[in-house]
1. Cross-link partners among lysines for Lys335, C-alpha distance below 28 Å, same-chain residues fewer than 8 apart left out?
2. Please work out how much accessible surface Met1 shows to a 1.4 Å probe, ignoring ligands, DNA and RNA, in Å² rounded to 10.
3. Starting from the 7 Å offset along Cα-to-Cβ, what nm value, one decimal, do you get for the label separation of Ala469 and Asn373?
4. Just name one of Thr270, Leu210, Pro224: the one whose Cα is farthest towards the positive end of the charge dipole of the chain (beta-carbon charges, Lys/Arg +1, Asp/Glu -1).
5. Over all distinct Cα pairs, what is the inverse of the mean 1/r for the stretch 77-210, reported as the Kirkwood hydrodynamic radius in Å?
6. Which percentage, to the nearest 5, of the DSSP beta bridges contained in the stretch 127-231 is antiparallel?
7. Taking only protein heavy atoms and a 1.4 Å probe, what accessible area per residue, in Å², does the chain have with all protein chains in place?
8. At a 1.4 Å probe radius, carbon and sulfur cover how many percent of the accessible area of the chain?
Amino acid sequence: MRKHFILSARTLISKRNVTQSFGSDNTVYIPFTVMQEVENKYRDQVDERGKIAQENLKYLGSFHIKQLVDGIKQDNGSTLKVILDYHKQELPEKMKGIELTKLDRDILKACLYVKEGIPNNEKVVLVSKKATLRFNAERIGVKAQTFRDELLPEISEQYKGRKTLYVTDKKLEEFRENKGIPISKVISNQDEPSEFYQNMFIELKGSSKLFTECGRVDGKNIVPLTYEGYKPSCVIPKNIGQKFMIEALMTDVKKAPLVIFKGPAGTAKTFMSLAVGLELVEENKEFPNGILISRTPTETGEKIGYLPGGELEKIGPYLRGIVDNLRNLDAEKKKKKKENQKKETTNCSEEQNENEKTKIETDLEFLAKRGINAEAISYIRGRSIEKTYIIIDEAQNLSPVEVKTIITRVSCGTKIILLGDPAQIDRLDLDERNNGLSYASERFKGSPNCWQVTMTDEESVRSELAKEAAILL
């Protein structure tokens, strides 16, 4: 049955060629008011969203207005129309008294205009990311949905980059002796070979804890970890997930240019990324341009200009979590190196108070001493970054478009690590199914260039109180 999709302004700027995202045998309508809104709002914007808007408007502008009104056949077989004569359409009596913007009112009128001109057995569907507009469309008898092309699976069904397999002790011995084992030899009846993606991490479990091995999918085989037992910056991995993280981070940039870590707070995503980054830069002399750390300043949106000072001073407060992890890492290294030495204590409270007075400056100096650069997400766009170890923290607060913009900035010899927890999103326009971190994870599933792992609640190294609070609150 043919469907008729009416696109809102935000849908029109969702992706390139968006008008061809609704099936080959349907009709896609764009109210002229929507075109005007997109042109007025995004015509001069130079960010990724602006570029998408300009490209889609250019596509529409490649046809004569009469062609668009009559309907043009698109490359995917669907029909595209621009509708003009809907302004005289009356909204139902029940909509009187309801506060609507002019744009929303015009879109609803366009929906009714289309509905009146098609057979009764064909559906009209409004596609909008705005919940109130969808609600009002349903009130006047028009089906409404969000733009599903960007919607990802529920968080529990998203790609985790890891799998646990229960095997016989004999199979484990074979894995050890042959330094690998074919996937076909260890899968159960419930598993399908197609569910094993390139670079997926595998935990092989035998009859007891002593009979456990870690590996990684390489083609049709499961191979041992290369960095099993490795301790970057003197850090000892505390669980299987941390072993997987070390493997992904230590693997050569040519094989693993993109690394994605998802999972709850306290699973050492940032800590381990810093530990390996310092090991690679300071000890192995890799990444000549050092470490670049960034995160989105969510508390003030993208408008970091509200804070005083220059660029570094403005983003300083958002990097305190990074600095805390780095200080903990340094403390861990000193502890390991001076285990048998007694530390002389100093008046910590006095020193701490002094640090608090100049915390932003001290933190930034501390990062600079270690060869770590800090930059706001908005400043990364438009750059081409070479031979750098990049950590993007709190990536769940980025949109899919923003993540795409960042990853496409990566040049030769750069490794980029995306970190975050899709269950802890601070931006109102994002959720578990449309944030940039999950988007990148799903789109790069099975890519030979991407290594990723999702940490579990059990792998959190925070206090029992913190773990319980995360569950109960």
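1. Cross-link targets: Lys231, Lys238, Lys243, Lys269, Lys285, Lys343, Lys357, Lys359, Lys369, Lys467.
2. In the full protein context, Met1 sits at about 140 Å².
3. The answer from the label model is 3.6 nm.
4. Pro224
5. In the stretch 77-210 this quantity evaluates to 20.2 Å.
6. 65
7. Result: 52 Å² per residue.
8. 49
The values are calculated or read from the model by the stated rules, or taken from the named source; none is laboratory data. None of the values given here were measured: they were computed from a predicted structure. Every residue, glycine as well, gets a Cβ built from its backbone with ideal geometry; the counts of neighbours run over all protein chains shown. All accessible areas refer to the heavy atoms of the entire protein, side chains included, with ligands and DNA or RNA removed. Shrake-Rupley method; radii C 1.70, N 1.55, O 1.52, S 1.80 Å.
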